[in-house]
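Computed from the coordinates by the stated procedures, all read-outs in this text should not be read as laboratory data. Since we're looking at a predicted model, the values are computed, not measured. Virtual Cβ from ideal backbone geometry, glycine too; neighbours counted across all protein chains shown.
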Amino acid sequence: MFEWLRRVFRPSEGGQRQRVFETLDDLNAEVRGGSPIATTQVLGILKLRSGTLMLGDPMYVPDLEVPNLVATRLEISASLWRYPSGAELVTALSLRADGGLGNGCRRKIGELGIDSAKLVVADKADIEEHWMDTGNDRIGVILTIPDDFVLRTLTKRFKLKTHRVDAVRAEVIGPVSESLAEEIEDYLKSNPRYERYPRGGFFVQTNNSFERANFMAREWGFIPIGKSETPLMFVCGTGRGDGVYDLECEFVGEAPRVLSVTFIED
């Protein structure tokens, strides 16, 4: 419910940052039925074929590459905060190559910069061959933060029929043509008033690979990278949202065996 807070409000360092985290945690507990229970769960298996793993924000895939994986499968498990309502937050991830063990000594091998409150994990060859920059849909999205002024204006001016999706966005009913999208965007650009809204308050979502990962409603899942049902990428929320997170690894010789990233320190 507070996904938009995790994205648009980035606290400063130190005490203010911690206060924001505590407020966000309190809000989550209030709307999700109470305080969460910490648990650990195996989420599933990701197939590997190239020996190189890609990780990163869906806007910047690949942000980080991990080569020399001598494995055909990656077991993905997570530490979770599970709320009484059934909602979850991923607080940490563990990626285990073929279910094997590392040397027990973890060291940092890189950093993950997150700006979309989401992390993508996938095989390098699958990303390179199947990642789509443009999907098949043309969904008109009108943002309703910090208010619904853009929604009211565009609905009246262009006689749009819309429906509210959540607290931060509405969608135009039916596909938006390229000519209509261009007309709307030109209108918004002509008035400086709309500059205070993210992306001018309107964009067309084609459900390309980025958008399907970025707007995934669940906290984690295995979803197709491209147009076919396979190959898959793993996508999850990053705890409280945006930030820079350390990627640590245990090795066997030169081969990575266990990768781990912590989003929230319990």
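Miscellaneous remarks
- Peptides 231-241, 142-152, 52-62 ranked from most to least packed, by the mean per-residue count of other Cβ atoms within 10 Å: 231-241, 52-62, 142-152.
- Computed from Cα atoms, the angle from the helix 178-189 axis to the main principal axis of the chain rounds to 80 degrees.
- Cα gyration tensor category, rounded, prolate or oblate, for segment 56-97 with a/c compared to 1.5: oblate
- Pairwise FRET efficiency - His163 versus Arg199, Cβ, R0 = 22 Å, nearest 0.05: 0.70
- Kirkwood Rh (inverse of mean 1/r, distinct Cα pairs), segment 13-166, angstrom: 19.4
- With Cα atoms, 0 to 90° folded angle of helix 15-31 axis to the chain main axis: 80
- Both radii are taken from the alpha-carbon atoms of segment 189-266; with Rh as the Kirkwood radius, Rg/Rh is 1.12.
- Ordering Leu43, Leu93 from the fewest to the most neighbouring beta carbons within 10 Å gives Leu43, Leu93.
- Count of Lys pairs (Cα-Cα under 28 Å; at least 8 positions apart or interchain) in the chain: 11
- Working note: 222 nm ellipticity from helices only, DSSP H runs with n ≥ 4, each -39,500 (n - 2.57), summed and divided by the residues of the chain, gives -6000 deg cm²/dmol to the nearest 500.
- Compactness relative to 2.2 N^0.38 Å, alpha carbon Rg of segment 139-205: 0.97
- A full extension of the chain between Arg106 and Lys189 corresponds to an added length of 24.9 nm, given 0.36 nm per residue minus the alpha carbon distance.
- Hz values of 3J(HN,Hα) by residue in segment 125-130 - Karplus curve (6.51, -1.76, 1.60), Gly and Pro given as x: 5, 5, 5, 5, 8, 10
- Kirkwood radius for the chain, taken over all pairs of different Cα atoms as the inverse mean of 1/r, rounds to 20.1 Å.
- Segment 139-205: relative contact order in percent, alpha carbon pairs under 8 Å with at least 6 residues between: 44
- Counted charge near Gly140, where neighbours are those whose Cβ lies closer than 11 Å (Asp, Glu -1; Lys, Arg +1): 0
- Judged by the mean number of other Cβ atoms found within 10 Å, the most tightly packed of the peptides 20-30, 205-215, 101-111 leads the ranking 205-215, 20-30, 101-111.
- Amide hydrogen proximity for Val165: with H placed 1.01 Å from N in the peptide plane, the residues at 5 or more positions away or on another chain lying under 5 Å are Ala170, Glu171.
- Inter-label distance, nm, simple model (7 Å from Cα along the C-beta direction), Ile145/Val244: 2.3
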